[in-house]
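Structure, as structure tokens:
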Amino acid sequence: MEPSSCGSELPRRRLRDLAEKAGFNVASLAAMIEVNEATLYRVWLSETWDQEIESINLKRLLSVIPGATEYYAASVFRERSAQVVQLFQKSGFALNMDELDRALAGGITPQYLLNSLESVYHVLRGDQDRAIKHLQAAWGLKQSRALDVACGNNPNFDILKDRTELQAAMRDVLSKLLARRGYSFPRTLAEVNLAHQLGKASGDVAEQADAKVRKNSREEKYGFMLRGSYMGALRQADDLDLARRYKARVERSGIVKVVESWAFPTWTGDYPVRSTFELPSEVRLTHTATEVIHEVREYNDAYVWYLVTTFIPLALETIDPKFGNQLRNLADALDVRAEATSMKELAEEARQLSKQIRRTSEGHND
């Protein structure tokens, strides 16, 4: 099987094609970038000229030929895409190439998707250390959505042909990572991303590892991993009992509450990801508010019940009472959801929270 074009919009082009389109010949281009004409003649008819020419001359070419920078960027991305595809092909893991091209062109950040596919590849091979290195970079809103696609948890794309094999590999790698002794923040990020994806795939929470994790982990690491698992399971199962169980965990444990406060702002980019689960006294939840309002409108009932009863009250009380200056938008979204939902418990909680926000928001909006 030939490697896919992987979403690249620009086919390979010779240097001559780009130069002549811009009005250059060898002599004029050589004079412009101050090199010997022979330097350009050696790559003039090559389709891989950007890989063959010296880096200093490549920079000069990119600076003077219109469209060359975009072509070079596409070339670099095309090369990375081919490398990722070949990893899977050589290892016998089947990819749906048409779906991959569609995902790369369909709103998923291409670099994040390729990063996520590399993560999946290392998980499938059971390479724990390389999986950690790649999965630690998947904490973030856009990164998570790319990982959803790579793991088969986005219904709009079907890149990996055998999800069952991947889910078994994820369970195996997660179990082995959780069994390791000592604390590693990169490993913790990898664990939470695996737990989240497994929750989304199965609707189950990874509590079967409870005893082993508590024995080998710091409490905040355990709480973070379990949070990822609960959030994934809630998205899949739409189970109010799951949401209630997680809410009870947050209420019982100060550490779990700290992790809950930390997770959303770092995931949306309102606060940098650092190796401690701590926030400063005030963080403006600009991106978090936008995302939460979107989720209140679009996500399933049980997950939104979690937002309404657990995260939003905690955020208003301990992180940002102004909620990114979007309190009125939040109240409006809650009212709309209360009217639309068939879950009585959600409707009641959403109306109550909306009323509370409207009573206290007069001095908190722009």
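The values are calculated or read from the model by the stated rules, or taken from the named source; none is laboratory data. Small disclaimer: the values here were computed from a predicted structure and weren't measured. Cβ: placed from backbone, ideal geometry, glycine included. Neighbour counts: every protein chain shown. Just the protein is used for accessible areas: all its heavy atoms, side chains included, with ligands, DNA and RNA removed. Shrake-Rupley method; radii C 1.70, N 1.55, O 1.52, S 1.80 Å.
The number of residues in the range 239-279 being in a helix (DSSP H, G or I), touching a helix residue (DSSP H, G or I) at 6+ places or on another chain (Cβ under 6 Å) and farther than 16 Å from L307 by Cα comes to 1.
Scanning the range 309-360 for residues that are open to solvent by 40 Å² or more (accessible area, probe 1.4 Å) and either closer than 30 Å to P280 by Cα or assigned to a helix (DSSP H, G or I) (or both) yields a total of 23. Scanning the range 8-30 for residues that are assigned to a loop (DSSP other than H, G, I, E, B) and either at pLDDT 90 or above or of a type outside the set (A, V, I, L, M, F, W, C) (or both) yields S8, E9, P11, R12, R13, R14, A22, G23, F24, N25. Tallying residues that are open to solvent by 20 Å² or more (accessible area, probe 1.4 Å) and among the aliphatic types (A, V, I, L, M) within the range 18-46 yields 7. Of the numbered criteria (1) within 23 Å of D241 (Cα to Cα); (2) within 28 Å of the chain's Cα centre (by Cα); (3) at pLDDT 95 or above; (4) β-branched (V, I, T), the one T268 fails is (1). On the given criteria, is G254 over 20 Å from G324 (Cα atoms), small (G, A, S), modelled with pLDDT under 95 and crowded, with 20+ Cβ neighbours inside 10 Å? Criteria not met by G254. Looking at the range 87-96 only, could you name the residues that are assigned to a helix (DSSP H, G or I) and either of a type in the set (S, T, N, Q) or at pLDDT below 90 (or both)? Selection gives Q89, K90, S91. Number of residues in the range 278-299 that are buried (at least 18 other Cβ atoms within 10 Å of the Cβ) and either over 19 Å from the mean Cα position of the chain (by Cα) or free of Cβ contacts under 8 Å to residues at least 12 places away in the same chain (or both): the value is 3. The number of residues in the range 143-166 that are assigned to a helix (DSSP H, G or I), surrounded by 17 or more Cβ atoms within 10 Å (Cβ to Cβ) and not basic (K, R) comes to 8.
Here the range 167-188 is the region considered, the condition is being over 28 Å from Q89 (Cβ atoms) and out of contact with any helix residue (DSSP H, G or I) (no Cβ under 7 Å at 6 or more places or on another chain), and the residue that is surrounded by the fewest Cβ atoms within 10 Å (Cβ to Cβ) is G182.
Out of curiosity, is S91 out of contact with any strand residue (DSSP E or B) (no Cβ under 6 Å at 6 or more places or on another chain), of a type in the set (S, T, N, Q), open to solvent by less than 20 Å² (accessible area, probe 1.4 Å) and in contact (Cβ under 8 Å) with a residue 12 or more places away in the chain? Here the answer is no, as S91 does not meet what is asked. Candidates are the residues of the range 104-136 that are modelled with pLDDT under 95 and among the β-branched types (V, I, T); the one that is surrounded by the fewest Cβ atoms within 10 Å (Cβ to Cβ) is T109.
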